[in-house]
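Participant: Let me begin by handing over the structure; questions about it come next.
What follows is calculated from the coordinates using simple rules that are stated; it is not laboratory data. Remember, it's a predicted structure, so these values are computed and weren't measured experimentally. Cβ atoms come from the backbone with ideal geometry, glycine included; neighbour counts cover every protein chain shown.
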Amino acid sequence: MNSVFSKLPNVGTTIFTVMSALANEHKAINLSQGFPDFDIDAHLVELVHKAMKNGYNQYAPMPGYMPLREEIAKKIYHTYNISVNPDTEITITSGGTEAIFDAIQAIVKPNDEVIIFDPAYDCYVPAIELAGGKAISIPLMPPDFAPDWEKVKSAITDKTIAIMINTPHNPTGAVLTEKDIQNLIQLVQDKNFYLISDEVYEHLIYDNQTHHSVLRYPELRERSFAIYSFGKTFHATGWKTGYCVAPPELTKEFRKIHQFVTFASPTPLQVAYAEYLKNSVHYIHIANFYQQKRDMFRNLIEKHTKFKLLPCLGSYFQLVSYENISDKPDTEFAIELTKNIGVAAIPVSVFYQNKQQDKLLRFCFAKREETLYKAVEKLSKL
């Protein structure tokens, strides 16, 4: 047998899998991987059960169950005052990660360049490379991780096919401002490239900040794939259901990829979400829910540990600096923290292509109060 030629020779098991496995092995509190440890709404579970009992157990249409796409269009109008065509502009996917992959494969050709901001969610670069493209990294620097738009402008070449943005941002918790969006609009004027906007944490935004979706801005919307996740909004990450909003001509190319990746996402879940979305109360108060958790976690960390807090304006992740605790590289420190203290975190260097070391860890605060209290009690021993 010939040895396998790896299309991703530099990719191993994701850090999320590694740290979660390590947390299980050492019975540590898992604040590494981004998933809640509390139950989802029992009513949503009942709606899935009802859909199954009512026979919604076969393939959904490839673009998604139409009543769900119609409810998403209503949600977008309610949230952003934007009209979207559910037939030609919305596609249901098996999570936000699939939508990101599909969008990249739809537009990126060999030798194309895609500008990304580091630190970046770890699926971006492999998907770009699988399409034959090259990721061009623009560093976001602590503590505020604000984009340097002059650096972005300098990075644009005749090979640039897309810019990827992520707001609220994973892993930093930063959000793009109105000024950032205006800078982006200036950059794309008279340019022939696309935007891929990862907005899966759209409702997890704090301190009266506004989520500036690309859908709000005609100059951006006309060239954008905007990507969302029900898993993040409704605490059901294991259901892997998301969607992409894009203009008809981009949606057409997006669906060509989607149909050969998953074809269709689970039907009973789509039927349940369609019913659940009819009541906007299920998503309009999510920010308040998570801000309470963020505030509690930050207060505990500040009061009882030697970690230094960085700003967190969105997502359900909190970055901390351990510069007052250890000089070790972040991956080594995160492993020791899991084994010796009993709390698992994600080292932030893994989100950088150059593995930049800033002595930062990412904690997920989408947890029950007792989980966060127990975690900080352990961390206070450092």
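Participant: Beta carbons within 10 angstrom, averaged per residue: use that to sort the peptides 251-257, 162-168, 85-91, highest first.
Facilitator: Details: 251-257: 17.3, 162-168: 25.3, 85-91: 19.3.
In descending order of packing, they fall as 162-168, 85-91, 251-257.
Participant: Under the rule of -39500 (n - 2.57) per DSSP H run of 4 or more residues, summed and divided by the residues of the chain, what mean residue ellipticity at 222 nm is obtained, to the nearest 500 deg cm²/dmol?
Facilitator: Working: 15 runs with 148 residues, N = 382.
Counting only the DSSP helices, I get -11500 deg cm²/dmol.
Participant: As an exercise, use a Förster radius of 25 Å and the Cβ-Cβ distance of Thr14 and Glu370 to find the FRET efficiency, rounded to the nearest 0.05.
Facilitator: Values: r = 28 Å, r/R0 = 1.12.
After rounding, the FRET efficiency stands at 0.35.
Participant: What is the total of Lys pairs in the stretch 251-333 with C-alpha atoms under 18 Å apart, excluding same-chain pairs fewer than 8 positions apart? Intermediate results must be reported in sequence, preceding the final value.
Facilitator: Details: Lys293/Lys303; Lys293/Lys308; Lys306/Lys328; Lys308/Lys328.
For the stretch 251-333, qualifying lysine pairs total 4.
Participant: If I model a spin label as a point 7 Å beyond the Cα along the Cα-Cβ vector, how far apart are those points for Glu178 and Glu25 in nm?
Facilitator: 5.1
Participant: From a point 7 Å beyond the Cα of His49 in the direction of its Cβ, which residues of the stretch 267-284 have a backbone N at a distance under 20 Å?
Facilitator: So the set is 267-277.
Participant: What ranking, highest mean first, results for peptides 328-334, 55-61, 220-226, 307-313 when packing means the other Cβ atoms within 10 Å averaged over each residue?
Facilitator: Values: 328-334: 18.0, 55-61: 12.9, 220-226: 22.4, 307-313: 19.9.
Descending packing order for the listed peptides: 220-226, 307-313, 328-334, 55-61.
Participant: Evaluate the distance, in nm, between pseudo-label points positioned 7 Å from the Cα of Thr262 and of Asn85 along their respective Cα→Cβ axes.
Facilitator: 2.4
Participant: Suppose a student asked you for the relative contact order of the chain, using Cα pairs under 8 Å spaced at least 6 residues apart; what percent would you report? Numbers along the way, then the final one.
Facilitator: Working: 744 pairs, mean separation 95.5, N = 382.
Computed over the chain, the figure is 25 percent.
Participant: Report, in debye and to the nearest 20, how large the dipole of the stretch 111-188 comes out about its Cα centre when Lys and Arg carry +1 and Asp and Glu carry -1 on their Cβ. Can you show the working numbers first?
Facilitator: On the way: 5 positive and 11 negative charges, 18 e Å.
The dipole magnitude comes to about 80 debye.
Participant: Going highest first, how would you order 107-113, 94-100, 173-179 by mean Cβ packing within 10 Å? Before the final figure, lay out the partial values.
Facilitator: Details: 107-113: 16.0, 94-100: 23.7, 173-179: 20.1.
For the peptides 107-113, 94-100, 173-179, the packing ranking is 94-100, 173-179, 107-113.
Participant: Inverting the mean 1/r over all pairs of different Cα atoms, compute the Kirkwood radius of the chain and quote it in Å.
Facilitator: Over the chain, the inverse of the mean reciprocal pair distance is 21.5 Å.
Participant: In debye to the nearest 20, how big a dipole does the chain give about its Cα centre with +1 on each Lys and Arg Cβ and -1 on each Asp and Glu Cβ?
Facilitator: Numbers: 39 positive and 43 negative charges, 119 e Å.
With Lys and Arg at +1 and Asp and Glu at -1, about 560 debye.
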